[in-house]
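See below for the structure under consideration.
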Amino acid sequence: MMSSGGYTTLGNENLASGSVPAVSDPPHVITTVKFQDSDLQTFPPSQSQGKISGGYRPPRDADDSFSKTTDEPQAGGVGGWMGLFKVANYRPYFDVDTTDVLERIKESLIPFKGSFSEKTASNPDLYGPFWICTTLIFVAASIGTFVTYVAHKLQKKDWDYDINMITWSAGLFYGYVTIVPLGLYVILKYFSAPSGLVQLWCLYGYSLFVFIPASCLSVVPVEIFRWVIAGFAGFMSATFVALNLRAHIMSAGERWFLIVVGIFLLQLALAVVLKLYLFTVTV
């Protein structure tokens, strides 16, 4: 049927015949959901690759406090004085390599330069002092035991091993390098010339290195030679500590000279005690 306007009215015809035109179904849309690969089976869960396929990068610490040196409280962590009980807070003081330690040992063997404190002010370490003390304990105890053994065998007398040499050496050197800097820290703070406690531990720890070769040379069975070696090592160590602290202690006022002399004599006393106890042989 045509309308007056010339258009075919299909809708009217379908309605008249009672049939409804078929409506085609809308096209189905297939949605593909792609899940991202899980990292649960990958260790470490990072972009690091092994040494074979790429440059190795260690995984990032889960606790960011390992990378921080301040006492500010971390998220979920403990700040302030409670941080003393967190091993992670001591990590920066062991962040040195072999080159750093060797350079600092060389500085300790050239005591008259007095530049050790200046060079380590921004990065004092406890790694070197710990291993220097530990090495000195076993070297001094073993050499002292060997010296007494040789002396008894030369006199054809019985010899008994003294286990107390190790425990005594450990108490002497660990105690000295811990307590003396702590006491000096309190004294300098009292005289309004405070110094970093870790820096003092670092200085005193490296000052003991000269006693390691001195202990090895004390195996020579000549008493006067042993006294010369002990005195020379004590003088080197005392000079190293005193000269590196002199510039800082001078700000303490008129008593700075007495403090420096006390530091020097205390270091010499350590050498005398080491000689008398470990390298004085009585058969």
| query | Which helices (runs of 4 or more DSSP H) does segment 81-178 wholly contain that include 2 or more residues that are among the charged types (D, E, K, R), open to solvent by 20 Å² or more (accessible area, probe 1.4 Å) and in contact with a Leu (Cβ under 6 Å, 6 or more places away or on another chain)? | reply | none
| message | Need pairs with beta-carbon distance below 6 Å; first residue of a type in the set (A, V, I, L, M, F, W, C) and modelled with pLDDT under 90 and within segment 224-249, second surrounded by 21 or more Cβ atoms within 10 Å (Cβ to Cβ) and assigned to a helix (DSSP H, G or I); sequence gap 6+ or separate chains. | response | Ile249/Ile259
| Looking at segment 204-222, which of its residues are in contact (Cβ under 8 Å) with a residue 40 or more places away in the chain, closer than 26 Å to His152 by Cβ and not small (Gly, Ala, Ser)? | Phe211, Ile212, Cys216, Val219, Pro221
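Could you look through segment 257-279, keep only residues that are open to solvent by 30 Å² or more (accessible area, probe 1.4 Å) and in contact (Cβ under 8 Å) with a residue 40 or more places away in the chain, and pick out the one that is farthest from Tyr190 (Cα to Cα)?
Start the filter on segment 257-279 by keeping residues that are open to solvent by 30 Å² or more (accessible area, probe 1.4 Å), which leaves 257-258, 261-262, 264-266, 268-269, 272-273, 276-277.
From what is left, the residues that are in contact (Cβ under 8 Å) with a residue 40 or more places away in the chain are 266, 272-273, 277.
Values: Leu266: 20, Val272: 29, Val273: 29, Tyr277: 34 Å.
Filtering segment 257-279 for residues that are open to solvent by 30 Å² or more (accessible area, probe 1.4 Å) and in contact (Cβ under 8 Å) with a residue 40 or more places away in the chain, the one farthest from Tyr190 (Cα to Cα) comes out as Tyr277.
The values are calculated or read from the model by the stated rules, or taken from the named source; none is laboratory data. Treat the numbers as computed from the prediction; the structure is a model and nothing was measured. A quick note on method: Cβ atoms are made from the backbone with ideal geometry, for glycine too, and the neighbour counts reach across all protein chains shown. The accessibility values were calculated without ligands, DNA or RNA, using every heavy atom of the protein model including side chains. Shrake-Rupley method; radii C 1.70, N 1.55, O 1.52, S 1.80 Å.
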